[in-house]
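Novice: To start, I am sharing the structure in question, which I have written as structure tokens.
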Amino acid sequence: MDEFGLGTDLLQYTVSGLTIGAIYALVAIGYNIIYNVTEIINFAQGEFVMLGGLFAVFFMGTLHFPVFAAFFAAIVMVALAGFAMERFVVRRARHASVLSLIIITIAISIILKGTAMLGWGKDPYSLPAFTAGSPILIGGAALQIQALWVLGVSIAIVVSLTLFFHHSLYGKAMLACADNPSAARMVGIRVRQMVLLSFVLSAAIGAAAGVAITPISLMEYDRGALLGLKGFGAAALGGLGNFYGAFVAGLLLGLAESFCAGYLSSGYKDAVALILLLLVLFFKPEGLFGSAEAAKLKRF
Amino acid sequence: MLTLKSIHTYYGSIHALKGVSLHVRPGETVALIGANGAGKSTLVSTICGLVKLHKGTVEFQGRNIAGFSPEDIVREGIALVPEGRQIFSTLTVEANLQMGGFIHRHNSRQMAQDMKRVYERFPILRQRSQQLAGTLSGGEQQMLAISRALMARPKLLIMDEPSMGLAPLVIKEIFKIIRELREEGRTILLIEQNARAALQISDRGYVLETGKMVLQGEGAMLLEHREVKRAYLGKGAKQIWEA
């Protein structure tokens, strides 16, 4: 009997670890998109996730949109926020160094958090799951239907982004802008457009993650910072700029956290991501999946 | 084809170009030589729209392109092989070439054709097409930079110091490539410190000194010019001084 219980625990922790890990993966991918085009680490990435969840609450709870309409409406709203962030702030500071721009993104994250607090208050909000249904029981562990949605959304995003960046000319043009902006202009790539596109795209992906996770873990105005930090941990672990790496690292991070919470103490849960981040930066700064060769050719 | 009329450009607070005029006719190879700091690179940046023109006109095929953005100037038909190559080092060789043809991205057949032609010209690039461009040797990177510019199907090819930082044998190879491009009837503006090699393969040449055009003429004539010999070729300087 005892052994059965242990197996059930393991399975349960795995399932919840993969679910939250998929969210970290999406946040990490958001970092990677902007990093790939501009070499900026956008520390407002976590706020995009928070805004996605809260906008979905607004569209569903207040305006009574059906669930998928609310999902897409929230994504559009946050994408607009990403647009505004690039168009009205980052673009105006375009002569600043990458480091100054990173600091600007921290400022924006604080502003977004404050605005969200004014708009939605300090209470956590919930959303109904995308599709109704009781949890699926596998070997005694409960798998929420929404967890499948989270994983499905993440996988769809990873696959389409990988195809976009490695097989489409626009994707490669975005990478070229990151590599050498002035050379990119000389071959006729409109760099400002590509940078704008990167902010819109990663805001939209962050929002998708936020909407998908809200039915499981609720959403409140100050969740962005921690999600952002853990997502950054996943991005570094997977190798900055590497989508596949970010996805696997996000899942690993989620699993590590879930096991720590289950077997050690849930109090140490948040430290796991930071410890992993430190270990990576000390011992393998190019990340688990990043190529050392490519890392050498990059400035950051 | 390209006509610069008394252009003035500031590089920061430095008056870098003081009324420079230059023209390139279709099918010509024109060399622009000058020492470090003479304003050669500023001149290139001005033509390509990277530096703002203070006074004067830049006319290309009868259109005034002064004030155009670099992105639009490529679309007008001027491609640059930049100083220091400036390839996309974290992209593959193939992706670099595709980016060169970015302005023709809607014509995938033409792009495939141009790519094939580049690989025929430089088989080494085909071998390394899936390698990151930053891992190529200096000479290979220069071939890639030239190929990337050709992918834009330019009417005018500007080459900024293509021999810079390369080994003597590789420089020879690069000049051979430029000679071939010239024989294909391309229009080339060649900016070089290596005055002898540049003038030898050019129809005409200009000499830029501290922001002013001090000499111009046929390549062969400039090679024989006393002043050029003294200042840029370092040949027989003693005899000239003593004469």
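The values are calculated or read from the model by the stated rules, or taken from the named source; none is laboratory data. These numbers come from a predicted model, not from an experiment. Positions of Cβ are backbone-derived with ideal geometry, glycine not excepted, and every protein chain shown enters the neighbour counts.
Novice: Would you tally the residues in the stretch A:182-197 being within 9 Å of chain B (Cβ to nearest Cβ) and assigned to a helix (DSSP H, G or I)?
Specialist: 6
Novice: Scan the stretch A:167-181 residue by residue and report those that are within 7 Å of chain B (Cβ to nearest Cβ) and assigned to a helix (DSSP H, G or I).
Specialist: Answer for the stretch A:167-181, where residues must be within 7 Å of chain B (Cβ to nearest Cβ) and assigned to a helix (DSSP H, G or I): A:LEU169, A:LYS172, A:ALA173, A:LEU175, A:ALA176, A:ASP179.
Novice: Can you tell which of B:ARG196, B:ARG153 is in contact with a helix residue (DSSP H, G or I) (Cβ under 9 Å, 6 or more places away or on another chain), assigned to a loop (DSSP other than H, G, I, E, B) and farther than 19 Å from B:LEU43 by Cβ?
Specialist: B:ARG153
Novice: Check B:GLY12, B:GLY19, B:GLY27 and return the single one that is farther than 20 Å from B:ALA198 by Cα, in contact (Cβ under 8 Å) with a residue 60 or more places away in the chain, surrounded by fewer than 16 Cβ atoms within 10 Å (Cβ to Cβ) and not polar (S, T, N, Q). Even if it seems obvious, please write down each step before you answer.
Specialist: Details: B:GLY12 fails: in contact (Cβ under 8 Å) with a residue 60 or more places away in the chain; B:GLY27 fails: farther than 20 Å from B:ALA198 by Cα.
Sole residue among the options that is farther than 20 Å from B:ALA198 by Cα, in contact (Cβ under 8 Å) with a residue 60 or more places away in the chain, surrounded by fewer than 16 Cβ atoms within 10 Å (Cβ to Cβ) and not polar (S, T, N, Q): B:GLY19.
Novice: I would also like to ask the following. Collect the residues in the stretch A:172-184 that are touching a Leu at 6+ places or on another chain (Cβ under 8 Å) and surrounded by 19 or more Cβ atoms within 10 Å (Cβ to Cβ), keeping them in residue-number order.
Specialist: Kept after step one, since they are touching a Leu at 6+ places or on another chain (Cβ under 8 Å), are these residues of the stretch A:172-184: A:172, A:174-176, A:179, A:182.
A:LYS172, A:MET174, A:LEU175, A:ALA176, A:ASP179 - these are the residues of the stretch A:172-184 that are touching a Leu at 6+ places or on another chain (Cβ under 8 Å) and surrounded by 19 or more Cβ atoms within 10 Å (Cβ to Cβ).
Novice: Under 7 Å between Cβ atoms, which residue pairs at least 6 apart in sequence (or on different chains) link something in the stretch B:221-243 that is outside any helix (DSSP H, G or I) with a partner that is at pLDDT 80 or above?
Specialist: B:HIS225/B:LEU215; B:LYS235/B:LYS229; B:GLY236/B:LYS229
Novice: Looking for whichever is modelled with pLDDT of 85 or more and either of a type outside the set (Gly, Ala, Ser) or crowded, with 18+ Cβ neighbours inside 10 Å (or both) here; the options are A:GLY262, A:GLY290, A:GLY231. Which one fits? Can you show your working first?
Specialist: On the way: A:GLY262 fails: either of a type outside the set (Gly, Ala, Ser) or crowded, with 18+ Cβ neighbours inside 10 Å (or both); A:GLY290 fails: modelled with pLDDT of 85 or more.
Being modelled with pLDDT of 85 or more and either of a type outside the set (Gly, Ala, Ser) or crowded, with 18+ Cβ neighbours inside 10 Å (or both) holds for just one of A:GLY262, A:GLY290, A:GLY231, which is A:GLY231.
Novice: Continuing with this model, one more query. Among the residues of the stretch A:71-88, is there at least one that is over 30 Å from A:VAL191 (Cβ atoms) and part of a helix (DSSP H, G or I)?
Specialist: Yes, the stretch A:71-88 has at least one match.
Novice: Related question: Restricting attention to the stretch A:106-159, report how many residues are in a loop (DSSP other than H, G, I, E, B), in contact with a Leu (Cβ under 8 Å, 6 or more places away or on another chain) and hydrophobic (A, V, I, L, M, F, W, C).
Specialist: Counting residues in the stretch A:106-159 that are in a loop (DSSP other than H, G, I, E, B), in contact with a Leu (Cβ under 8 Å, 6 or more places away or on another chain) and hydrophobic (A, V, I, L, M, F, W, C) gives 0.
Novice: Okay, next question. How many residues are within 14 Å of chain A (Cβ to nearest Cβ) and either touching a residue at least 60 places away in the same chain (Cβ under 8 Å) or over 12 Å from B:THR46 (Cβ atoms) (or both) when one looks only at the stretch B:58-80?
Specialist: Final tally of qualifying residues: 10.
Novice: Separate question: Find the residue count for the stretch A:130-146, including only residues that are among the aliphatic types (A, V, I, L, M), under 25 Å from the mean Cα position of the chain (by Cα) and crowded, with 17+ Cβ neighbours inside 10 Å.
Specialist: 1
Novice: Also, quick follow-up: Could you check the stretch A:50-97 and list, in sequence order, the residues that are under 13 Å from A:VAL200 (Cα atoms) and β-branched (Val, Ile, Thr)?
Specialist: A:ILE75, A:VAL76, A:VAL78, A:VAL90
Novice: Something else about it: Of the residues B:MET111, B:MET159, B:MET99, B:MET143, which is under 23 Å from A:ASP179 (Cα atoms), touching a residue at least 12 places away in the same chain (Cβ under 8 Å), touching a Leu at 6+ places or on another chain (Cβ under 6 Å) and surrounded by 16 or more Cβ atoms within 10 Å (Cβ to Cβ)?
Specialist: That would be B:MET159, the only listed residue that is under 23 Å from A:ASP179 (Cα atoms), touching a residue at least 12 places away in the same chain (Cβ under 8 Å), touching a Leu at 6+ places or on another chain (Cβ under 6 Å) and surrounded by 16 or more Cβ atoms within 10 Å (Cβ to Cβ).
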